[in-house]
Each structure stands twice: as C-alpha cells, then as structure tokens.
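Read through the structure below, which is laid out as structure tokens, and then see the notes.
No lab work stands behind these numbers, since they all come straight from the coordinates. All of these numbers come straight from a predicted model, not from anything done at the bench. Here the Cβ positions follow ideal geometry from the backbone for every residue, glycine too, while neighbour counts run over all protein chains shown.
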DNA sequence: TTGTATGCGTTATCAT
DNA sequence: ATGATAACGCATACAA
C-alpha cells in the first residue's frame, strides 16, 4: 500500500531500489554536480563538503552506474578476448596474465571461446561491437578468413593479435614457435631420428606456419625432406591425437619420433599409444608443447617446448592498452615475441 | 567520395565515428522513434518504412549502443560468474555449459576468478554491482565469510550458488558429493582398506563438508573412525598434493588408500608418489575426482568419481534466468543436485 | 502509422 | 566553491 503512491514528482521514494546521484546529493544537501566531482577527484571541492558527500555515499551504499558513465564517455572500459577453446588451460593462463594488467586499470576482461567456428567469431566480434568494447585480444581460428577480418575492421575496435598475425597489419604478441620447434627438431635429429611426425592443429595461423617451417628447415639442415604423410595438422582435440597416433603407428614404416604440439593433444596421443600397447620412448620418442602438469607426471615425463603463457597475456594487455590510449590516431604496428625453451626429460631416446 | 561531405545536421563533426539512431533515422528519412520500433520489433510499423530503415541500418552499419539501452531498461543483460581458480578445467566446462544458455538469450557471461582470496571476491561482487549485472553465479571460497555475504546482499543482485550453499537461503546447484564420496569409500572398504586418506581443499564449502561427512559415514558403517591425521584438507593446488602425499607416505603407518579430490591435485599427488618411488596401486590405492583426461591416461588409469560439470553450468544458468525473470519479488529457493558415478579403473587393489 | 518529447544516470559547461 | 542545466544514445508515452 505504501509504494503504489509513487507520484514521484519530487519523490516519495518508498521503493528502495535504484539509487542515483540525486539521492546522494539530496542526502548530503549538495547538488549532483558536486557529488560527481567528489567521486571523480575533480579539484576544487571544499574539504568539509567532500566529507559530507563521502559519508552520504557510504550511508546509502551508492555506486555510480557504469552504463551511464559509458554513455557519456563513450568508453566501456571493457575488453574482449576471443579464442578458440576455453578448456585449453593455456588460455586460462593468458587470461590471468591479462587480468593482472586490466583489473588495476579499471578494465573488465571478458573472455569468450568460439570452439573454432568462424561464424561464432564473427558473432562475438559483432557482440563486442554492440557492447562498445574498448579493445579486443584476438586468438582467432584462421587469420585469413575474410568474414572475420571484415568483422574486425567494421567493428572499428582497437585490437591486438595473440599467437596470431595479420600480414603485419596489426600488432601481434606470440611465442617464438619457429625457434622452439626448430630446437626440438634439431634435438631429435641429434638423437638419430630421421622419421619425425608432427601432430597439431591451427591451420591458417601463425603458430602452425612457424612450426611447419621450423620442421622443414630443421630436416633440411640434415639434407632431409619432410614426409607429408607424417604430418597430421587438423585439430588440437584429444580425440584427434588419439586416432592419428594410431594411424601413424600402424603404418608399415612408422615414425621414430613425434612432435605433439597442443596442450590437449598430449593426453589423446598417450592414450592412443597405450591402446596399441606402444610405449615411449621405446616405440616412439615424444616431444610436446607446452610444458604442462600432464607432461611432467607421465611415466616417463615428456620433453617439452616451454614458454610463458602468463607473460604472453600480460604483454597482450599492455600493448592493447597502449594502443587504446594513443590519442593521435597513429596506429603503430608492433611485433612481440617471447622466447621458448626446450625442457629435456626422458621421452626421447637415441637410436 | 560521397561520405566525406559529412556536414551532418549542424555539427562540424569532422570525426566520423559514433553513429546513432539519429544518423539512421536521417538516412532513412524517418524519425528516431521509428528506427527504435523497427529494431525492437514493435508492431505497427509500415512494411515499406521498416524495410527502408533496415537498409539504412545495414548501409551505415549501425548497431544500438547497449550502454544506452541499459540505462533505460536498467538491465545490463550481463551475468557474472565468480569462482576461485580459472585454471581448473572444471570451471571452463561449467562456463561452456552456462554460455549455451545465456548466449542465445542475449546475456553476456563474464567469468572471473578470485584465486581463493575473499577480499577479491568482495571486490568482484562490488564490481558487478557497479556494472549493474543482472545476475551472479557464485562458487565462492568460503560460504560463511561475512564480508562476502554482506557484499552479496548489499549488491541486491539475483544469484545462485554453484557447488556451494548458503544455509538454504539461496538456490544452489551442485553435484551429489556426499553420494559420490560415500560410494568411493564403500568401494575401498570392500576392497579391504581400513586406513583411507583424503586430500582436498575447499574448507568452508558445501563440497568439502559433504565429502568429509561421507567419509565419516562410510567408515562408521564398518565400525571405524576417521584418523584425523590422514586428512589433508587445505588446498586444491598441485603443490599441496605433492607435499602432503609425501608426508602421508612417509609416516610409519601410512594409508593404504587415498581419495584425491580436486582436478589439479591429482598431478601433484602422482608426482609426489613418483618422487618417493612409490607406485599405485602397489603402495597405495587411489581414487580421484573428477574424471579427467589426466585420470584416464595415467598408468594405470585412475578410478574416478565422475559428474557432469557441463550440465551443472547449464542448470545454474537456467535457474538464475528463471529467478531473474520472476516479476513477483518472490524469491523461490531451490536445491538441485546431479548424480555422480564411480568409474572403476585400475588404481585400486584388494588388500 | 509515425513523429515529438521526455527520461534514464552521469558528467561537463556554464553561471553564480 | 557550488549549483543549475545541457548533453550522451536510446525507448516509450503521448500527440498527431
């Protein structure tokens, strides 16, 4: 009976919901402008008045409506992070790194995975556009996909590519996959391996290109060619690893070593080997990427290509904020690469 | 050449950015109200006019500013999901499940991890409050923490507890951890085990309480007490598992079986055992939770308590949306529990 | 059926 | 130093 009166010309605000600057201003006996000045640290407010406003804010428990702030500043202080697979713990680590940068600076990081479906990536980019995201971190499925590229450019949102590149048209942050893979291949060759298989995914990405190039270069330095039939480059899924390793090991002339490049591939590959009664490094030598708990606890532990995903996330966040803050429209394209390291363990044997 | 004229209206808007309803309305030769009606499917717009507006929207590439929509509707169509550790793949799976519900209904799901720090949880809740989130899914660190509970209630945001409970004051969605753990304990007892250790984390949560209660009940049914020194209940981290298993196995009277309850604990426990040259199930029988790729690929594979995390996420999303949509302020407290299953493998031996 | 005007909550530009 | 007021971009009650 009391809250239907509500002739709210000058408010009989029985409904306790939704408080605004006005409520605070009224409570403190000042104007809305003053309240705004106080919360935004605008100089030139009397100390006593400021204090009154502060207590009013606390007593009422008011907090400014960010949507309203956005509409004025035309900045959402929101960043979108698009990648392919949320279950890949590497992205979790990158997210964590990025959040360490964004959080303290008042940005909200929103992560979303596309499951490798490019239509979904287009949708996500459009979504971030409607939500007026201030920036995007992109780890998209296929760099050359035209629909996605169009969506990016029509969004007009600042962005950086993470573990991806865009013909040098955009800033990119990545691990040195070429160097890491090359080191792994050279190690295998040194141990006497000549038939080296590679299972990985990410067609149409910088990462896969660099890995493939490194494999070719590494083999070439030993006057060898890559056997195309030893290349399985179509997915990062555990199931894919499971089946492909079975097919590879079932050949009359199976590989003696294998690069298993993809966090979720490793469990699949190991299961596949077990299902055939094959062992490593007895039947096949194994090098994986990245260095995960799984790689460490397997028997024997797996030699791994390691890089700092946390740092990757931080760097992506830093350079994105840098790009956003440039007032001069100058788009400065940069290229960051962090080093990799080969962690030697017991999954490679000399033959 | 035609769109740089840009004498738009009366502003000297050299900056071409930021188009609004006005631009679209002008371009289509209608009023802003009509444009709004078209995009919101408000009936009573002439078919021809609607078409004109549509093409204008597409030609200009305009999309409504969600912040502006929010400020009017006082709904952000944004949901916050707070949990402790983003690297735990279970949360990734739950997130995926929840997104399947939220996405099609126009809600943006924002995930954020607190690393088990309750101050951070308070900050996150406040953040979602300032951002006017429409709902929260909470998997907080300690249900009884007063600061967090205060933050929740002052936020005024609808919420559900996921794998947590709040004295029956809030809707909760959870796996049947009591049943799952009880089944595991009974299985171990049947296999002759009397000294059963438990390593897990999550003090102050429903999950831990249920697991402990199940262990006690299971032992009691065999007229046995739980040895408090076999309980290691302080963390879900791999490092914790590594060290605690070493301490447990180093005892003069070590356990013969162990419940390793936490996705990230398992790799740590296994490493710890390996570091001491202990094997499973030879030196100790092992049951883990949840059923992960790691559990499946270890040698031997691990008997696991399995439940459907994806479904858990979906159910949380569904019941949250249900709660949000109830116009009558009636807060209906519900309790959902999904079943668990004991997946028998080779990590438990009869003694 | 369509246009006009007002309000949502905040900040910035004027006045005072 | 502070108050009044006009935007910001959109949705809707009301007018036409």
More than 48 Å apart: what percent of Cα pairs in the protein assembly as shown qualify?
25 percent
Taking Cα atoms only, helix B:265-275 is inclined relative to the longest principal axis of chain B by an angle, in degrees rounded to 10, of 40 degrees
In degrees, nearest 10, the alpha-carbon axis of helix B:206-220 is tilted away from the dominant principal axis of the alpha carbons of chain B by 20 degrees
Kindly provide the helix-only [θ] at 222 nm of chain A, computed as the sum of -39,500 (n - 2.57) over DSSP H runs of four or more divided by all residues, to the nearest 500 deg cm²/dmol?
-13000 deg cm²/dmol
Beta bridges per DSSP with both ends in chain B, % antiparallel, nearest 5
10 percent
Which of A:225, A:142 has the fewest Cβ neighbours within 10 Å, and the rest in rising order:
A:225, A:142
Taking every residue in A:89-100, how many Cβ atoms of other protein chains lie within 10 Å of its Cβ, on average?
3
If packing is taken as the mean number of other Cβ atoms within 10 Å per residue, what is the order of B:37-45, B:146-154, highest first?
B:146-154, B:37-45
Do you know the relative contact order of chain B, to the nearest whole percent, from alpha carbon pairs under 8 angstrom that are 6+ apart?
17 percent
Take every DSSP beta bridge with both residues inside the protein assembly as shown and express the antiparallel ones as a percent of the total, to the nearest 5.
10 percent
Run the quick spin-label model on residue A:49 and residue B:216: label points 7 Å from Cα toward the beta carbon, then report their separation in nm to one decimal.
6.1 nm
The distance between the Cα centres of the stretch A:51-112 and the stretch A:267-289, in whole Å, is 43 Å
Round to the nearest 10 and give me the degree value, 0 to 90, for the angle of helix B:118-130's Cα axis relative to the longest principal axis of chain B.
20 degrees
Here the relative contact order (percent) of the stretch B:177-306, from C-alpha pairs under 8 Å and at least 6 apart, is 25 percent
Rh (Kirkwood; distinct C-alpha pairs) - the stretch B:177-306, Å:
14.3 Å
How many partner chain Cβ atoms sit within 10 Å of a residue's Cβ in peptide A:59-72, on average, as a whole number?
5
With springs connecting C-alpha atoms under 10 Å apart, model chain A as a Gaussian network and identify which of A:272, A:179, A:250 has the largest mean-square fluctuation.
A:250
If one builds a Gaussian network model of chain A from Cα atoms under 10 Å apart, the most fluctuating residue listed among A:303, A:279, A:171 is A:279
I need the calculated FRET efficiency for the pair residue A:18 and residue B:167, taking r as the beta carbon distance and R₀ as 30 Å, to the nearest 0.05.
0.60
So for B:51, B:349, fewest C-beta neighbours within 10 Å to most, what's the order?
B:51, B:349
Which of B:233, B:224, B:286 fluctuates most in a GNM of chain B (C-alpha springs under 10 Å)? That residue is B:224
Estimate the FRET efficiency between residue A:58 and residue A:117 by the formula 1/(1 + (r/R0)^6), using the beta-carbon distance for r and 60 Å for R0, to the nearest 0.05.
0.80
For the residues B:306, A:211, what sequence is obtained by ranking on other C-beta atoms within 10 Å, fewest first?
B:306, A:211
Can you give the relative contact order of the stretch A:279-318 as a percent, counting alpha carbon pairs under 8 Å and 6+ residues apart?
34 percent
